[in-house]
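Written out below as structure tokens is the structure these notes cover.
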Amino acid sequence: MHYLNYIDGDWCNSDQTMTVMNPGSGEAYATIAKASVTDADRALAAARRVVEQGLLSDIRPAVRTEWMLNAAQAIREIADEGALVACRENGKSLQDAKDEFIESARYFEYYAGMADKLEGSSIPLGREYVDFTQYVPLGVSVQIVPWNFPVSICARSLAPALAAGNAVVIKSPELSPLAVTLLVTAVESAGFPKGAVNLLCGTGSIVGSHLVKHGETDQIVFTGSVPTGRRILEDAAYRATPSVMELGGKSAGIVLRDADVKKVLQSVRSGIFFNSGQVCSAMSRLVIDQARYTEVVDAVVTLAQSLTIGSGESQSDITPLISAEQQYSVLDMIEEAKREGAKVLTGGYVPDLSGYFIAPTIIEATPDMRIAQQEVFGPVLVVMPFETEQEAVAIANGTDFGLVAGVFGESLSQTLRVAQKLRGGQVYVNEWFAGGVETPFGGVGLSGFGREKGQEAIYSYMQTRNIAVRL
Ligand code: NAD
């Protein structure tokens with residue numbers, strides 16, 4: 001199967017092709033047209049035309065609401081077909097792949113309800129003035145997407161951008177660009193004008209960089225790694241292009257003395273082993289009260305050893321990593337941790353399967369070790385004990401990241417006290433990944449800035465304009 005780019009309402013081929021691998025088998029799965037810098041220029045020009053002609057911004061907002069709801073329905077209709085593609089190109093389980101499409105539909109439904117409620121306000125300045133404040137779209141939004149949740153992360157930015165009246169150019173990830181084309185097909189059928197949504201699959205260093213530096217780009221929404229985020233911010237600085245940065249994390253869950261171990265285990269299962277740990281907000285560190293340390297660590301190790309390992313289509317608990325490079329990088333970090341004196345309690349090896357697997361791994365380390373400081377992006381949980389609440393908070397907050405954090409405990413006052421001291425855009429109490437499309441999400445520190453999800457996010461896609469009239 002060969003996939004195409006989507007530019008100005010047409011599916012377009014290109015002279016060059018990229019091959020997409022199936023990480024579950026290590027074999028080639030499909031090809032996709034590789035976008036060029038010229039394709040990027042065409043996509044930006046199409047989006048600019050939509051902005052200049054006000055095809056999204058100068059219509060009655062209820063029309064955008066209708067298109068958004070049509071898109072949501074179309075996404076739900078292709079969820080099964082899309083899930084199969086996402087599962088094969090990404091290695092994730094079929095159910096998780098389908099959930100990405102369902103979550104994408106939810107973003108469109110949620111922001112459909114906001115498209116016609118972007119109300120301004122009026123400020124009294126005395127009898128001789130009329131003053132009002134409006135929220136207007138930014139214009140052309142360039143959205144750069146990572147490979148781990150390409151569909152739902154794409155929808156997370158695309159939906160509010162369109163609801164707010166922006167035109168969009170999406171740069172899909174090189175490793176998993178296929179399922180996003182199905183998402184865009186569904187959105188395309190919803191009624192939006194030609195050029196409102198464009199999709200390019202090209203390399204980050206050429207096409208992504210070109211889009212970021214371009215004078216037609218009014219906004220950059222980047223989700224990806226810290227090194228790429230830094231490069232993009234340097235490029236964005238030249239034109240002071242407004243940016244949303246959703247970067248990595250090294251998030252910690254604190255297990256207090258009165259924590260319910262069942263809740264901790266459920267959260268370990270989803271927090272670090274969901275998508276084999278390739279999740280920006282993964283619970284990659286567990287900081288445990290010394291009095292419960294042995295009991296909780298033993299339970300976590302038993303859980304890790306009970307997980308099944310296999311391809312996404314086999315619906316196993318642990319699915320393959322995205323690529324051989326990612327597998328190597330995870331193994332390398334585990335080996336380095338061992339050299340630093342960390343103790344592998346279980347896992348840490350490559351199972352005897354074709355595909356890029358790593359066995360679920362629990363490592364006992366100290367807070368300063370690299371494995372406890374840097375994002376691993378694999379099924380690797382670091383466990384550490386603490387003696388006082390203050391120490392627990394210091395360990396949890398003691399990295400350069402600040403995406404999410406969590407606390408487990410049965411005392412309402414203690415969990416809330418600790419939750420309010422934790423560094424992160426979202427703090428979970430007694431359930432990792434609690435929340436949903438309605439709850440704001442984003443980081444502090446090296447995890448980035450700007451918010452996605454929730455009502456607040458739509459204002460990331462708008463500018464405030466005040467009009468002061470002297471009568
Ligand atoms: P990455 O930084 O390697 O690539 C992300 C995207 O940026 C890709 O589409 C890539 O082609 C593009 N890109 C690369 N160089 C570029 C450049 N110079 N200019 C413009 N675009 C460029 O990240 P990845 O490996 O795809 O994703 C994994 C990372 O993403 C992890 O660090 C993870 O934590 C992070 N992430 C963050 C969130 C969040 O919401 N905070 C969500 C998912 C993933």
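Since every read-out is calculated from the coordinates, none of them should be taken as a lab result. Being a predicted model, the structure only gives us computed values, none of them experimental. Backbone-built Cβ (ideal geometry, glycine too); neighbour counts: all protein chains shown.
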* MRE, 222 nm, helices only [DSSP H, n ≥ 4, -39500 (n - 2.57), over the chain, to nearest 500] -> -11500 deg cm²/dmol
* Provide the gained length on full extension for the span ALA299 to ARG465, in nm with one decimal, where the gain is 0.36 nm per separating residue minus the Cα-Cα distance. => 54.2 nm
* Asked: For GLY139, what charge total do you get from the other residues with a beta carbon under 14 Å from its beta carbon, if Lys and Arg give +1 and Asp and Glu give -1?
  -> 0
* Gyration tensor verdict on region 115-161 (Cα atoms; rounded if a/c is under 1.5, prolate if a/b is larger than b/c, oblate otherwise) -> prolate
* **region 261-275 and region 1-80: distance between their alpha carbon centers, rounded to Å** => 35
* To do: Mind checking the full-extension length gain between ALA291 and ASP58? Use 0.36 nm per residue of separation minus the Cα-Cα distance, one decimal, nm.
  => 77.7 nm
* Structure fact -> Percent antiparallel among DSSP beta bridges confined to the chain, nearest 5, equals 40
* What number in nm² do you get for region 1-105 if you take the convex hull of its Cα atoms and divide its surface by four? -> 8.0
* Quick one: plug the Kirkwood hydrodynamic radius of region 319-471 (C-alpha pairs) into Stokes-Einstein at 25 °C, 0.890 mPa s, and report D in µm²/s. => 135
* Express in nm, to one decimal, how much length is gained between LYS343 and GLU128 on full extension, taking 0.36 nm for each residue of separation and deducting their alpha carbon distance. => 70.1 nm
* Structure fact -> With the dipole of the chain defined by +1 on each Lys or Arg Cβ and -1 on each Asp or Glu Cβ, the option from VAL130, ALA83, SER316 whose Cα lies farthest towards the positive pole is VAL130
* Asked: Can you give the net charge of the other residues whose Cβ lies under 12 Å from the Cβ of PHE408, counting K and R as +1 and D and E as -1?
  -> -1
* Take TYR293, TYR428 and order them by how many other Cβ atoms sit within 10 Å, fewest up front. => TYR293, TYR428
* Structure fact -> Quick note, the chain: a/c under 1.5 would make it rounded; otherwise a/b > b/c is prolate and the rest oblate (a ≥ b ≥ c, C-alpha gyration tensor); here it is oblate
* For peptides 8-16, 184-192, 268-276, sequence by mean Cβ density within 10 Å, most packed first -> 268-276, 184-192, 8-16
